[in-house]
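Read the structure below first, then the notes.
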Amino acid sequence: MADAKNVAAVAAGKDDEVLQWVTFRLDNETYGINVMQVQEVLRYTEIAPVPGAPHYVLGIINLRGNVVTVIDTRSRFGLPSAEVDDSTRIVIIEAEKQVIGILVDSVAEVVYLRGSEIDNAPNVGTEESAKFIQGVSNRDNELLILVDLDKLLSDEEWMELAQL
Amino acid sequence: MSNSADDAVFDYFSLLLSEPEREEPEQEELQKESASSDEHEEKHGKATANQDGRTTRQAPAVQRQTQTQIQAQQALSRPVITQAAPPLNKLALEQLLAPVTEIETETETETATETVTKQELKTLEQVKSVIVEAKPAQVEIATQAKPLSQVKEKIEEKLETSASIKQEEAVAEKVELATTLQTQTGATPPGVTEQLIEQLDEEFQVLFFKVAGLTLAVPLVSLGGIVKVERINHIMGRPDWYLGVQTHRDSQLNVVDSGAWVMPEKYDEKLAQSVDYQYIVLLENSNWGLACESLVNSVKILKSEVNWRSKAGKRPWLAGVVKEQMCGILHVQALIELLNLGLGSQDSIG
């Protein structure tokens, strides 16, 4: 009986796994991305535009000798563009076996979230951007929108990006 | 909001109230034809036209029949005419709510009149067939009766009585049908809102709230609560009417931009900017809430004070119109269903 309880507790514990999320801000909303996908956070640096690049690509940067494509996160999220300021950051992430940069308004902190603390996002969206919301979580009366970076771009777009 | 917005709202609901009374053009034409055929009919036509400046749902086929039939038909058409509509400024209405009017005439008015006229015409056809049956018999008998005048008289007598019995039967059937049809146009609670009506007491409380100049009512039994707008988080990739998420009691409330949802055709950038949402009206125990600018009041009304909608049509979320306040009363369950499906106000369920 006790064994059964322990097994159940372990199973529940596994389901209620604690994950770390790097939070960033975009247009007054806070978003979270899985810390395991974040490589580093850079201050804003000159982004060189790439002629003929897709509309969601801002350009490229040179990261210690490596060329990294930077995505226009605001346009991807359907938000209006904003001026670059002191808090603007480029978050270098790894998704779909590619290293890319995403431009954000600011990076806030790393938070710990249990699986049970994550709610499903309202399922009313039909747009492409509705797909990359993994869930939402309420922390200190602030809503954290969790982003699935793998779905930030479609399969075709990831392929297109690889060939850039 | 401004007076013009109030006028628009008034017109909007005037339209909703008057929808079932519209008539198909074919009927109007046929009625015109019939009007010239009989003096008595003319009188009746005037009387009906004077009532609200519109023509009535009289079936033209019967008007061409004998005077007895016309009288019977007048009796039939009366109950249908009885619903007086508030005076409408049609031009202003069309200008303000052109897309809505179009949709309404295409769907609800059409279906309402269609069902009424189709059924009415069916019985009229029956009446007609009775008469058609009777007429050749009369002719036949008349020809045969020339040499046999005595027989003719007897047969004519018989025919008259049998024809009148048939007519009476048909008329009685039609009167019955006309009574049923009257209920379909909103005099008694219709099928679509049946569930809601059953749920409500004869006298029930409603909360009136305002959104961009539009007043809406929600029955208190369907009200989940009222929350003050604090921090609504915008979530990307959602429809325009989806305002965002607000945390409420450790759960997320989906907040609807009520103006954008209820009247998307009027809700332009300018109007959207002028709207200042203060409260969220929660829908039953769902996680949906309608953003509103102000709460007007909560009053007790009678079921009979609401013009309940008979057809779900394009707006299943609208249970009816509160006559006195001239505002829409929400069918919260249908509304939740629509919102869960991510549908707009002019979409129909299923």
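The values are calculated or read from the model by the stated rules, or taken from the named source; none is laboratory data. The model shown is predicted, which means the values in this text are computed figures rather than measured ones. Note: ideal-geometry Cβ built from the backbone for every residue, glycine included; neighbour counts use all protein chains shown.
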Quiz item: Of A:Leu113, A:Leu161, A:Leu103, which residue is away from chain B (no Cβ under 11 Å), touching a strand residue (DSSP E or B) at 6+ places or on another chain (Cβ under 9 Å) and not in a strand (DSSP E or B)?
Solution: A:Leu161
Exercise. For the stretch B:265-299, name all the residues that are within 14 Å of chain A (Cβ to nearest Cβ) and surrounded by fewer than 22 Cβ atoms within 10 Å (Cβ to Cβ).
Key: B:Glu269, B:Ser286, B:Asn287
Self-check item: Inter-residue pairs, beta-carbon under 6 Å, first more than 13 Å from chain A (Cβ to nearest Cβ) and within 11 Å of B:Pro219 (Cβ to Cβ) and in the stretch B:322-340, second surrounded by fewer than 24 Cβ atoms within 10 Å (Cβ to Cβ) and among the β-branched types (Val, Ile, Thr), 6+ apart
Solution: B:Ile329/B:Val322
Self-check item: Complete set of residues in the stretch A:132-164 that are in contact with a helix residue (DSSP H, G or I) (Cβ under 8 Å, 6 or more places away or on another chain) and under 21 Å from A:Pro80 (Cβ atoms)
Solution: A:Phe132, A:Val147, A:Leu152, A:Leu153
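Do we have B:Val229 as in contact (Cβ under 8 Å) with a residue 40 or more places away in the chain, buried (at least 19 other Cβ atoms within 10 Å of the Cβ) and assigned by TED's automatic domain parsing to the domain that holds B:Lys210 here? Show your work before the answer.
Details: in contact (Cβ under 8 Å) with a residue 40 or more places away in the chain: yes; buried (at least 19 other Cβ atoms within 10 Å of the Cβ): no; assigned by TED's automatic domain parsing to the domain that holds B:Lys210: yes.
Against the criterion (in contact (Cβ under 8 Å) with a residue 40 or more places away in the chain, buried (at least 19 other Cβ atoms within 10 Å of the Cβ) and assigned by TED's automatic domain parsing to the domain that holds B:Lys210), B:Val229 does not qualify.
Yes or no: A:Lys131 surrounded by 14 or more Cβ atoms within 10 Å (Cβ to Cβ), closer than 20 Å to A:Met159 by Cα and among the charged types (D, E, K, R)?
Working: surrounded by 14 or more Cβ atoms within 10 Å (Cβ to Cβ): yes; closer than 20 Å to A:Met159 by Cα: yes; among the charged types (D, E, K, R): yes.
Yes; evaluated as a whole, the condition is true for this residue.
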Quiz item: With respect to the numbered conditions (1) acidic (Asp, Glu); (2) in contact with a helix residue (DSSP H, G or I) (Cβ under 9 Å, 6 or more places away or on another chain); (3) away from every other protein chain (no Cβ under 14 Å), which one is the sole condition not fulfilled by A:Glu46?
Solution: (2)
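Among the residues of the stretch A:68-76, are any over 18 Å from the mean Cα position of the chain (by Cα), within 14 Å of A:Leu164 (Cβ to Cβ), surrounded by 15 or more Cβ atoms within 10 Å (Cβ to Cβ) and away from chain B (no Cβ under 14 Å)?
Pass one, the stretch A:68-76, residues over 18 Å from the mean Cα position of the chain (by Cα): none.
So far as the stretch A:68-76 goes, no, none of its residues is over 18 Å from the mean Cα position of the chain (by Cα), within 14 Å of A:Leu164 (Cβ to Cβ), surrounded by 15 or more Cβ atoms within 10 Å (Cβ to Cβ) and away from chain B (no Cβ under 14 Å).
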Exercise. Could you check A:Leu79 against (1) assigned to a strand (DSSP E or B); (2) surrounded by 16 or more Cβ atoms within 10 Å (Cβ to Cβ); (3) not β-branched (Val, Ile, Thr) and say which number it fails?
Key: (1)
Quiz item: Applying the selection to the stretch B:312-345, what residues are assigned to a loop (DSSP other than H, G, I, E, B) and over 20 Å from B:Met263 (Cβ atoms)?
Solution: B:Lys323, B:Glu324
Quiz item: Do we have B:Leu302 as surrounded by 15 or more Cβ atoms within 10 Å (Cβ to Cβ), of a type outside the set (Gly, Ala, Ser), touching a residue at least 60 places away in the same chain (Cβ under 8 Å) and on the phi < 0 side of the Ramachandran plot here?
Solution: no
Quiz item: Do the conditions hold for A:Val84, that is, is it farther than 30 Å from B:Val256 by Cβ and either more than 14 Å from chain B (Cβ to nearest Cβ) or surrounded by 18 or more Cβ atoms within 10 Å (Cβ to Cβ) (or both)?
Solution: yes
Quiz item: Which residues, taken from the stretch A:48-66, are surrounded by 15 or more Cβ atoms within 10 Å (Cβ to Cβ) and assigned to a strand (DSSP E or B)?
Solution: A:Val57, A:Leu58, A:Gly59, A:Ile60, A:Ile61, A:Leu63
Practice problem: Tell me which of these B:Ser310 doesn't satisfy, since it passes every other one: (1) away from every other protein chain (no Cβ under 14 Å); (2) surrounded by fewer than 21 Cβ atoms within 10 Å (Cβ to Cβ); (3) among the hydroxyl-bearing types (Ser, Thr, Tyr); (4) farther than 16 Å from B:Ala212 by Cβ. | Solution: (2)
